[in-house]
Structures are given as C-alpha cells and as structure tokens.
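Student: One structure is given below, represented as structure tokens, and several questions about it will come after.
The values are calculated or read from the model by the stated rules, or taken from the named source; none is laboratory data. This one's a predicted model, so the numbers in the text were calculated from it and none came from an experiment. Cβ: placed from backbone, ideal geometry, glycine included. Neighbour counts: every protein chain shown.
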Amino acid sequence: MLEEPIEVPVNIISIYRFYRSEAERKKVERLMNAMLHKRPLLVRGFFGEGKSRAGALSGRGVAELMLLNKSFVKRYGRIQVIFACPLRALRDEVYKTYFFDIGFVLKAHDEVCPLLKQRLRQGKEYLIALAEHLKSDTCLYSKHIGHLKQAMQNGRVVVTTHTLSILPVVLSYAMKRKPLVIFDEAEDFLERVSRGLNEDIVEAVKRIDIKLCRKIRRMLQKEQHQYFMRYTTFKQLLRDSVFISATFPRVIEENYHLLVDRELEVTWLFSVGEKRQDMMVIYKGKLLWKDYPKWKPTVQSQVAELVRVTTSKYGVVGIASRNYQLTRDLEAVLSSIGFKVVSDLDPDFRSKILSSEVIIVTTKGRLYRGINILRGISDVPVVIGFYQGAEPKERYPPISDYILEHCGEEIFKTYVRELVYAKNLQSLYRFIRQRKNRHVMVLFDWRFHEAFYHFFRNKLYDEIVRVEVDGLSRVSDVAKLYI
C-alpha cells in the first residue's frame, strides 16, 4: 500500500497492544488513512495476506480516534464504525479478538430469545414460530435493540452479520451519523444485505423509539413481512462502505460507478515476510454432478490413496467437498478404511479437529468461508478440492434487480459466475492459512484454475506452480510426486 500514514495522537494507545510488528503497524495506519479518505474502498489481496485482521484493526483505530480526539470528530464528523461478517461464528470471533472492550455484538432475534430458538428447533417455519413467540413468550429483543442504540450513541463499534448490518446502517443515518461499514468477505454481502430485515426487528425499534422507527421506515420499503433497502439508501450505503475480499466480483468493481455514480477505490494489501510457492496438481477435465455415479468409484479410490500418503507424512489432510452428499460419501468410505474423519456435518466439528486425520469442509456449508476452522492446527499442508458449479435453484436477491437495471444482463451473468468462483476458492482456503509454508492442492476439476485465473491473472503463477493431469485415474500418482 502506497498511501501515507495518518498522524496518530499520542493518547491513542490501546490499539498498539494488538500489533505484531512495526510493519503491521504501518500497514494498518495506511489502511486507516485509505478508509477515511477514499471511500468507497475495496481492500484486495491474496488469501492469507491478513486482510481481515488489518481491516479490523483499522476499524478499531478509527473508533478510538472518534472516542478520544475531539479535533478528529470536527474534521471527519461523527463516524459510526460497523464491522460486518458473513457468519455468526466469525462475528463472535472478531468481536472477542478485536472489539471486546469498545464493541457491541448485534445478534439475531433467535440468539437473544431462547424461547424463539426452542420453537425453531421444533421445525416450525420462521414466521410462524416468531408469531407464536411474540404472542405467548416474554420477548427480550426490544431490550437488545435498546442496547444497540445506546452503544451507538456512546461510539462503540457494532459487530454483526452482513444481513443484520442493515439495521445499524439505517440507524446511523437516522441518528445523523456517518456509517463506516467494513464488510469482511465482501462478496457475501452482495448476496445477503439485500435480503431484508424481518418486520419484528423494525417493530423492536418502534418499541424503544417511535420517531427513530419512522425515520428508518422512510429508508426502507416493506414487502410482505420484510423491509428492504430502498435504492437511494442502498446507493448511499455503497458510498460509505469498505469491502475486504480476495474474490470480490470484478464486474462489480469495474462497473461500480453505474450503481453508485462514484468510482470504487481499490488498494491491494500484501503480507510481509517469507512466502513459498504452493503446488497445484489439477485434473484437466470437469467432474459434472450429473455424472457422479460414473466417476464416484475412481474418485473415491484416488482420494483414499492421497489420504493414505498424506496422513502418513503429515498426519492430516483437508478436503473441500462440493456438496453434502459427497461429504457423506467420502466420510463413510474413509472411515471404513480406518482413518479418523471429521466433517462440517458434525455439530462438534471444531472440537474434533485436533484428533482427526481427515477434515472435510463443504462448499456453501456453514463453515466454508471467513472463519478460521483450524483450532489447534496452524495449517494443513495438503488440500483435496472438488468444484461446485452454479445451481439453477439459487436465488440472487434484490441487488440483482439493481445490477440488471443499471448495468445490464451480461454484467449480471458475469456477476453470478464470479460468485460461484469465489465460493469454491474460499472453501479451499479454509485450510491454507500460513503463507510461509508450502502447500499442495490436488484439484479434481479444471474450473478451479478458471476461478484462480479470473481473480488473480498473472499473479496466480507467482503464487502457485501448476501441474496438469490428463487422466482421472492418474491424479494420485502424479500428486504423490509432490506431496
């Protein structure tokens, strides 16, 4: 990053406890400068470069400046820092690591009210369970929203999920503040943030402040039981946002001005220190799911051999599965052979990692992106990957209407394809966490290469050495030469 660092007052001291090195301090201060002066901002970087950490520390730094420096407030206005994550587990981890003393966790209704969660466990549809809960149970959610309002008035950082980030954003506008919204794993935000808020959340605001609720309703539009951002509100949000992503859709980046009438500033973030080139052993064909019965026996024998070789050398191997059916089949086969296997189908997945030889994460499963799954294991040296293509049943929410209206159908089609690329690469990099180590990726689908090349172009060849395999039955023999 080439921006000059901002001047940090001497009374801003707590953030310095978080820095691991002088180089990290400079990186974070330059990113703070970019956040303050160059919004909307996209922070790009290869996987494992420390983007999320730098973004969280930068958000914390801005919040501390707001709390402790009056001249900063006069210069930049009353900024409300919001850090949004794709998953609840990642939200909680980010809060505990970076914002435990100056943050507030905005939770979903079912997290706050145990009785609602209990009703949902009975298999009831959400709106039915919610209606029964509001009618019969003691609801605690208005109190939680009251605490959110108080936290924002006190300048605390709001840490929440992408979907719920709508609320503190519109609250900050209504409270005449400037939201600085940091979206980690930002391409997920594009899918989730326009899904809308359930009306119970807006009703909870109404119970604590009717005037505030009226302001919020002017920024949202109601459809059935949900409130969606009006395009004017969405457009303003996109002007105030910071996106952190290795795989942010390029077509959105390049056509951002069509959505917002403002260019998206882009800055690349690079880690310092030793890096080693990873190895990609990739099958040159494509394994289509409709042909699963045909390629299933060959793939299972190939995976078993790869697992045998890898666990004997390193003790652990990671598998990025394309769907839960493949996850179940691989788990059953490898377990029957005698390997200790854990998958994200197991509710105690993270607690069992240390005692497992094979770790399986499913693309678009509950832990395939954002969160560091490797508790107690710093890295996995060998990862086996299966590609999940686009599914016709997938729904791309209201942002698709904005893209279609303002950018056109071709751009929308490219956007959908890029989201598929992003999801597959994210699942691979749940295992590869240390850039200083060498990794071998054994990929059973050429579309992985298409995804890598789409986002990283020639940088791909700086990061990864590629070995291509023609025959499906030869993948393990070739990969063993490099494991």
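Student: Modelled with pLDDT of 75 or more and surrounded by 17 or more Cβ atoms within 10 Å (Cβ to Cβ): does that describe ASP379?
Tutor: Here the answer is yes, as ASP379 does meet what is asked.
Student: Next question. Whether any residue in the range 67-74 is buried (at least 23 other Cβ atoms within 10 Å of the Cβ) and either in contact (Cβ under 8 Å) with a residue 24 or more places away in the chain or not in a helix (DSSP H, G or I) (or both) is what I want to check.
Tutor: No; the residues of the range 67-74 include none that is buried (at least 23 other Cβ atoms within 10 Å of the Cβ) and either in contact (Cβ under 8 Å) with a residue 24 or more places away in the chain or not in a helix (DSSP H, G or I) (or both).
Student: Can you tell me which residues in the range 307-332 are over 24 Å from ARG438 (Cα atoms), surrounded by fewer than 18 Cβ atoms within 10 Å (Cβ to Cβ) and without any contact (Cβ under 8 Å) to a residue 40 or more places away in the chain?
Tutor: Matches in the range 307-332: GLN325, ARG328, ASP329, ALA332.
Student: Could you tell me which residue of the range 337-356 is surrounded by the fewest Cβ atoms within 10 Å (Cβ to Cβ), considering only residues that are out of contact with any Leu (no Cβ under 8 Å at 6 or more places or on another chain) and of a type in the set (Val, Ile, Thr)?
Tutor: Only one residue fits best here, namely ILE337.
Student: Determine the pairs where a residue that is assigned by TED's automatic domain parsing to the domain that holds VAL299 and within 19 Å of ALA304 (Cα to Cα), located within the range 459-474, has a partner that is at pLDDT 90 or above and hydrophobic (A, V, I, L, M, F, W, C) with Cβ atoms under 6 Å apart, the partner being 6 or more residues away or on another chain.
Tutor: Between residues of the range 459-474 that are assigned by TED's automatic domain parsing to the domain that holds VAL299 and within 19 Å of ALA304 (Cα to Cα) and residues that are at pLDDT 90 or above and hydrophobic (A, V, I, L, M, F, W, C), the close pairs are VAL469/VAL475; VAL469/VAL478.
Student: Restricting attention to the range 75-87, does a residue exist that is among the hydroxyl-bearing types (Ser, Thr, Tyr), touching a Lys or Arg at 6+ places or on another chain (Cβ under 7 Å) and surrounded by fewer than 21 Cβ atoms within 10 Å (Cβ to Cβ)?
Tutor: No, the range 75-87 contains no residue that is among the hydroxyl-bearing types (Ser, Thr, Tyr), touching a Lys or Arg at 6+ places or on another chain (Cβ under 7 Å) and surrounded by fewer than 21 Cβ atoms within 10 Å (Cβ to Cβ).
Student: Also, I was wondering about something else. From the list ASP110, ASP92, exactly one residue is in contact with a Leu (Cβ under 6 Å, 6 or more places away or on another chain) and closer than 29 Å to TYR126 by Cα. Which is it?
Tutor: ASP110
Student: If only one of SER427, SER473 is crowded, with 20+ Cβ neighbours inside 10 Å and over 11 Å from MET280 (Cα atoms), which one is it?
Tutor: None of the others qualify; the one that does is SER427.
Student: If you don't mind, another one. Among the residues of the range 126-142, count how many are surrounded by 14 or more Cβ atoms within 10 Å (Cβ to Cβ) and either among the β-branched types (Val, Ile, Thr) or free of Cβ contacts under 8 Å to residues at least 12 places away in the same chain (or both).
Tutor: Matching residues across the range 126-142 total 1.
Student: Test of understanding: among PHE99, PHE72, which residue is in the same structural domain as LYS206 (by TED's automatic domain parsing) and modelled with pLDDT of 90 or more?
Tutor: PHE99
Student: Please state which one of ILE166, ILE128, ILE182 is within 24 Å of the chain's Cα centre (by Cα) and either at pLDDT below 90 or not assigned by TED's automatic domain parsing to the domain that holds ALA84 (or both).
Tutor: The match here is ILE166.
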